[in-house]
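Engineer: First the structure, which I've put down as structure tokens, then a few questions once you've had a look.
Here, each number is a calculation from the coordinates, and none is a lab measurement. Computed from a prediction, not measured in an experiment: that's the story for all the values here. Here Cβ is always computed from backbone atoms with ideal geometry, including for glycine, and neighbour counts include all displayed protein chains.
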Amino acid sequence: MNDVLPQAGAAWDHLETTVFDCLRRYGYRPIRMPLVERTELFVRSIGEVTDIVEKEMYTFTDRLNGDSLTLRPEGTASCVRAVLEHNLLYAGPQRLYYAGAMFRHERPQKGRYRQFHQIGVEALGFAGPDIDAELIVMCARIWAALGLADVSLELNTLGSPEARQRHRARLVAYLEGHEADLDEDARRRLHTNPLRVLDSKNPKMQPLIEAAPRLVDDLDEASLLHFEQVQAVLRQAGISFRINLRLVRGLDYYNRTVFEWVTGKLGAQSAVCAGGRYDGLVEQLSGKPAPACGFALGVERLIGLLEAEGAPVPQPVLDLYVVHQGDAAAQWAWIVCEQLRDRGLAVVLHCSGGNFKSQLRKADASGARFALVLGEDEAAARKVSLKPLRQTAAQMLVDVDEVADLVQVPRS
């Protein structure tokens, strides 16, 4: 679990602001859920035999009432729970987004932490392939807005639960016939979650996985048509993609469309965004059946990709550093700073005393574009001395109302 220090703050602010702006343009609205939920919520939604539930959740007993509680390992289940608890679907389909910390007790490595942050997007109540495509197109817009180029789309369909059951029987029979070649993890999953065997990263397992029965061969016509329609919209939108028939995702609630946006610049943790359709989850959590689709962005991984690609990250601009000496100047400085902040300028007021020379050194070190110098004369005249710090120009005595125009900072 890591601290995000001030020097990294600009990248985080830029990422979140850019993503939220894109989501709002598509009509998505913010929702906030608690960090802690009843453990049962994640067992029912994610799946009892998934790695997350079996090994990775931070679960504890409430000392007051004995409830089993868990720090959320992902956001979709919490979001659906909140939507059902507050009857939001009675008002019609919902386009929602959220952001925050998630927790999984995984082996820490670059791009994978025990506390990590996601921006999650959920579209609830939409049955057609158009919403699947909208989510993917929206991701592409986010990458463009962030200036990211090395991100590619992998796409698959998991079909209906009935189709997966047919495939499961064929897959288990195949894996049982090669049980001696399975690693320990695959043997453990063989009869509990065999689809996850196909997601193994063990190089020795790859030939076996490549020869395994394909889920696509067991899919129903409706699922195949849905998948074709998703692809058609993506082609029309100019979105390139690769069909990855082994893409299964790690959570049990997915069905039909699943996708990942991946990069080659982050090592083993290649996925920066993943999602798909989860039509059965609302009913699974005791709601009236409703279709749903969504995705999550990995914030730390995207920050790493911004750095790896050298994508531009706007830095905060400090417009003015106000230095002052004398009691009257100190009182005048407070008034000046608030007036200039009212005009939209970023202003730091020097605190803790010191002579003009030491204060101006701190003004220069602050990165401010200008210093405002206030002494007894400026206080008596109700004026300020404007001193450029990043260009060669003379200090000048001006009215406070002139400062904003003279600084002339372009605002986004």
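Engineer: If you build a Gaussian network model of the chain, linking Cα atoms that sit under 10 Å apart, which residue out of 150, 130, 377 swings the most?
Structural biologist: 377
Engineer: Let me ask you something else. Can you work out ³J(HN,Hα) from phi for every residue in the range 281-286, in order, using Karplus 6.51 cos²θ - 1.76 cosθ + 1.60 and θ = phi - 60°, giving whole Hz and x for Gly and Pro?
Structural biologist: 5, 4, 5, 4, 9, 6
Engineer: Can you give the calculated 222 nm mean residue ellipticity of the chain, where each DSSP H run of n ≥ 4 adds -39,500 (n - 2.57) and the sum is split over every residue, rounded to the nearest 500 deg cm²/dmol?
Structural biologist: Mean residue ellipticity, 222 nm, calculated: -11500 deg cm²/dmol.
Engineer: Tell me, what is the percent relative contact order of the range 320-407, built from C-alpha pairs under 8 Å that lie six or more residues apart? Provide the component values of the computation, followed by the final result.
Structural biologist: Details: 140 pairs, mean separation 28.5, N = 88.
Rounded, it is 32 percent for the range 320-407.
Engineer: What ranking of 28, 174 emerges when the number of other C-beta atoms within 10 Å of each C-beta is taken as an exposure proxy, fewest first?
Structural biologist: 174, 28
Engineer: Quick check: convex hull over the Cα atoms of the range 1-136, volume per residue in Å³, rounded to an integer?
Structural biologist: Values: hull volume 20.0 nm³, N = 136.
Here the figure is 147 Å³ per residue.
Engineer: Rounded to whole Å and sorted largest first, list the principal axis extents of the Cα atoms in the chain.
Structural biologist: Largest to smallest, the principal-axis extents are 91, 56, 48 Å.
Engineer: Which of 261, 143 has the fewest other C-beta atoms within 10 Å, and how do the rest follow up to the most?
Structural biologist: 143, 261
Engineer: Going by how many other Cβ atoms sit within 10 Å of their own, how do 74, 16 line up, fewest first?
Structural biologist: With the fewest neighbours first, 74, 16 line up as 16, 74.
Engineer: If you don't mind, another one. Taking every Cα atom in the range 148-214, find the radius of gyration and the maximum pairwise distance Dmax, and write them in Å.
Structural biologist: Spelled out, the Cα radius of gyration and Dmax of the range 148-214 are 13.5, 45 Å.
Engineer: Moving on. So if I take the centroid of the Cα atoms in the range 382-401 and the same for the range 73-145, what is the distance between those two points in Å?
Structural biologist: 49
Engineer: Which percent of Cα pairs goes in each bin when the distances of the range 320-407 are cut into 10 angstrom slices starting at zero?
Structural biologist: Bin by bin from 0 Å, the calculated values are 19, 58, 23, 0.
Engineer: Using Cα pairs under 8 angstrom and six or more residues apart, how large is the relative contact order of the chain, in percent? Walk me through the numbers on the way to the answer.
Structural biologist: On the way: 693 pairs, mean separation 64.5, N = 412.
That works out to 16 percent.
Engineer: Straight-line reach from residue 383: which aspartates and glutamates fall under 13 Å, measuring Cα to Cα and dropping same-chain residues less than 8 apart?
Structural biologist: Within the straight-line cut-off, residue 383 pairs with 399, 401, 402.
Engineer: Give the cross-link partners of residue 387 among the aspartates and glutamates, using a straight C-alpha distance below 12 Å as the criterion and excluding same-chain residues fewer than 8 apart.
Structural biologist: List returned: 319, 364.
Engineer: Turning to a different aspect of this structure: When the Kirkwood radius is taken over all Cα pairs of the range 280-337, what Stokes-Einstein diffusion coefficient follows at 4 °C and 1.567 mPa s, in µm²/s? Provide the component values of the computation, followed by the final result.
Structural biologist: Numbers: Rh = 17.6 Å.
After rounding, the answer is 74 µm²/s.
Engineer: So how do 81-94, 388-401 stack up, highest first, on mean other-Cβ count within 10 Å?
Structural biologist: Listed from highest to lowest mean packing, they are 81-94, 388-401.
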